[in-house]
1. Which of Ile58, Cys79, Thr68 sits closest to the plus end of the dipole of segment 39-82, meaning its Cα is farthest towards the positive end, when Lys and Arg get +1 and Asp and Glu get -1 on the C-beta?
2. For the chain, with only Lys/Arg (+1) and Asp/Glu (-1) charged at the beta-carbon, what is the dipole magnitude about the Cα centre, in debye rounded to 20?
3. Compute the angle between helix 141-154 and the longest alpha-carbon principal axis of the chain, please, reported from 0 to 90 degrees and rounded to the nearest 10.
4. With axes computed from alpha carbons, what is the tilt in degrees of helix 3-15 against the longest principal axis of the chain, rounded to the nearest 10 within 0 to 90?
5. Cut-off 19 Å, label point 7 angstrom out along Cα-to-Cβ of Glu109: give me the residues of segment 139-165 whose amide nitrogen falls inside.
6. If you count the DSSP beta bridges with both ends in the chain, what percent of them are antiparallel, to the nearest 5?
7. Which FRET efficiency value, to the nearest 0.05, do you get for Asp80 and Glu128 by plugging their Cβ-Cβ distance into 1/(1 + (r/R0)^6) with R0 = 30 Å?
8. What fraction, in whole percent, of alpha-carbon pairs in segment 83-167 exceed 22 Å separation?
Amino acid sequence: MNEKDVVDILKKAENIGIDVWITGGWGVDALIGSQTRSHNDIDVFVQKKDKIAFIEMIISNGFREIVTEFTTDDQTVWCDNENRIIDLHLFEFSDAETLLFEKVAYPSEILNGKGTIGGLAVRCLTVESQVKYHQGYKQRDIDVQDVLLLCKTFGLPIPLGFPVNNI
């Protein structure tokens with residue numbers, strides 16, 4: 001999933017009135033303002049109310065659902081013939097200060113991140129949220145690199161116990 005692919009998908013969603021928030025590796029790169037590594041997918045958050053329209057848009061662009069061990073009602077994976085992958089996360093606002101994802105409440109301010117991808121202004125998770133949600137699981141080297149880059153770039157402390165010696 002290259003920068004041009006990401007911008008294309010985001011513009012198509014914007015053209016049909018769907019707000020998209022970026023997370024994962026592209027979310028890190030959006031916050032940094034440039035691509036820092038290659039990506040095999042893009043992780044997006046879309047409101048449940050926009051689910052059908054977003055899925056119809058990606059299907060019309062050659063994507064099909066791939067069922068994985070992580071597939072739920074709120075998280076699906078889509079792939080096309082070029083092996084570009086969209087990891088779709090569906091959420092809803094329960095009120096102005098809270099969103100629900102996978103039946104868990106999060107402060108809606110986690111979506112206040114702003115970044116750029118290929119010169120396009122994008123919504124994304126905040127820096128602090130990206131660092132927080134890269135914890136609590138066995139990190140791959142790219143996850144560690146992403147967190148260290150965010151901490152260094154934005155002057156945040158490296159999370160306690162974070163496996164910085166893995167790379």
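1. My answer, from the dipole projection, is Ile58.
2. The dipole magnitude comes to about 320 debye.
3. On a 0 to 90 degree scale, this one is about 70.
4. 50
5. 154-157
6. 75
7. Details: r = 33 Å, r/R0 = 1.10.
The value I calculate is 0.35.
8. 37
All of the numbers you see were taken from the coordinates with simple rules; none came from a lab. Every value quoted in this text rests on a predicted model; they were computed, and no experiment measured them. Backbone-built Cβ (ideal geometry, glycine too); neighbour counts: all protein chains shown.
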